[in-house]
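The values are calculated or read from the model by the stated rules, or taken from the named source; none is laboratory data. Values in this document were obtained by computation on a predicted structure and should not be read as measured data. In this analysis, Cβ positions are derived from the backbone assuming ideal geometry, glycine residues included, and neighbour counts consider all displayed protein chains. Surface areas here come from the heavy atoms of the whole protein model, side chains and all, with no ligands, DNA or RNA. Shrake-Rupley method; radii C 1.70, N 1.55, O 1.52, S 1.80 Å.
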Amino acid sequence: MQSQEIINRAVECLQCEAAAIQALIPRLDENFLRAVQLIRDCKGKIVVTGVGKSGHIGSKIAATLASTGTPAFFLNPLDAYHGDLGMLGPDDLVLAISYSGATEELLRFLPLIQAKRITIIGMSSNPSSLLAQYAAVHLNIAVEREADPLNLVPTSSTTVTLALGDALACALIEAAHFQPSDFAMLHPGGDLGRKLLAKVEDVMVKENLPLLTPEMPMKEAIEIVTNGKLGVGIVVENLPSLQGEDGGTLLGIITDGDIRRAMQRLGQSFFSTPVSDIMSRNPKTIHKDAKIVEAGEMMNHHSIHTLIVVDEGCKVVGVVDSFSCLPGTRFYH
């Protein structure tokens with residue numbers, strides 16, 4: 001098989017799966033709204049269940065729901081027959097997945113759920129299936145064809161099932177007004193958790209800040225900005241007399257871009273020009289107790305890469321840049 005044929009087959013697979021997801025959109029109807037409402041109103045846990053590939057997808061859906069504020073876990077029907085049925089409580093809700101809607105192992109499990117008077121949301125390709133009949137709400141995950149050349153391997157169907165699970169999670173995030181701070185509390189570990197929970201004070205540069213005074217000539221200021229390695233100079237009313245003291249009252253900022261533009265405009269007189277003639281007044285600042293996610297959002301919004309960190313008295317205490325903020329923060333030069 002030629003290389004181009006392999007690429008063409010992969011492209012056809014992705015196009016088929018993309019088309020299958022697009023075909024889901026018209027099905028986001030009253031059934032979908034009712035499913036969201038049932039999950040929102042659930043006083044217990046969302047128990048996702050399925051067998052085989054549907055089970056693997058169901059496990060991911062349960063993990064996504066749990067990570068976005070909806071308590072959920074996955075239960076294999078085979079395990080339920082051997083004691084795990086005790087995990088289900090009267091306030092729980094079951095999301096049962098079977099593409100055919102006729103998976104034997106799952107269908108033997110559903111009457112046990114009904115006997116506990118637990119509501120079932122079904123996901124299958126057949127609105128007339130036994131699964132759909134057991135369910136209080138049925139979500140249609142039918143696809144025109146699978147993405148593999150034989151139209152046999154669960155590909156488009158599993159992609160659509162996963163996408164619909166994500167759609168449920170996203171709708172619930174919107175309905176519950178789930179915030180980044182809520183997400184952070186559920187993801188305390190790792191780099192993402194650290195960045196969502198950490199404060200600006202935890203990541204800011206606070207030693208050897210490139211502090212300038214307004215009367216300082218640019219010849220001296222350039223050396224300080226260069227040694228600071230932050231791409232900015234911070235203009236303050238008075239320089240601290242001792243190492244470690246706050247940087248004084250903030251007056252302005254000089255960026256690398258300000259320096260380049262001033263050199264082009266002023267020529268040789270640039271080096272004797274005072275900082276006050278070049279600095280930008282009223283620079284963007286952030287409080288040291290703010291979350292670094294707020295700093296990242298602020299830098300994105302204003303298309304800048306650096307914020308001056310201040311304390312309660314608006315004294316300069318540090319600098320935070322885009323490298324310290326959330327993944328996805330853009331960098332501007």
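Give me the accessible area per residue for the chain, probe 1.4 Å, as a whole number in Å².
53 Å²
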Review point. In straight Cα distance, which lysines are under 19 Å from LYS43, not counting same-chain residues fewer than 8 positions off?
Key: LYS116
Revision key, fill the gap. As straight-line cross-link partners of LYS60, the qualifying aspartates and glutamates (C-alpha separation under 12 Å, not fewer than 8 residues apart within one chain) are ASP166
**Study point:** the chain: translational diffusion in µm²/s, Stokes-Einstein, Kirkwood Rh over Cα pairs, 20 °C, 1.002 mPa s
**Key:** 88 µm²/s
Exercise for review: About the Cα centre of segment 74-117, how large is the charge dipole given +1 on each Lys and Arg Cβ and -1 on each Asp and Glu Cβ? Please answer in debye to the nearest 20.
Suggested key: 160 debye
Review point. What are the lysines whose alpha-carbon lies under 28 Å from the alpha-carbon of LYS199, with same-chain residues fewer than 8 places away excluded?
Key: LYS229, LYS284, LYS288, LYS291, LYS315
Check your understanding: For ASN151 and ILE6, what is the calculated FRET efficiency with R₀ set at 25 Å and r taken between the beta-carbons, to the nearest 0.05?
Key -> 0.85
Practice item. Can you give me the span-like helices of the chain, meaning DSSP H runs with 20 Å or more of Cα extent along the axis and Kyte-Doolittle mean at or above 0.5? Key: 156-176
**Study point:** Listed residue (LEU211, VAL275, VAL51) projecting farthest to the positive dipole end of the chain, Cβ model
**Key:** VAL51
**Study point:** Virtual spin-label span in nm between GLU104 and ARG260, 7 Å along Cα→Cβ
**Key:** 7.1 nm
Practice item. Work out the length of the dipole vector of the chain about its Cα centre, built from +1 on the beta-carbon of each Lys and Arg and -1 on the beta-carbon of each Asp and Glu, and round it to the nearest 20 debye. Key: 340 debye
**Study point:** Estimated [θ] at 222 nm from DSSP helical runs (n ≥ 4, -39500 (n - 2.57)) normalised by residues in the chain, nearest 500
**Key:** -13000 deg cm²/dmol
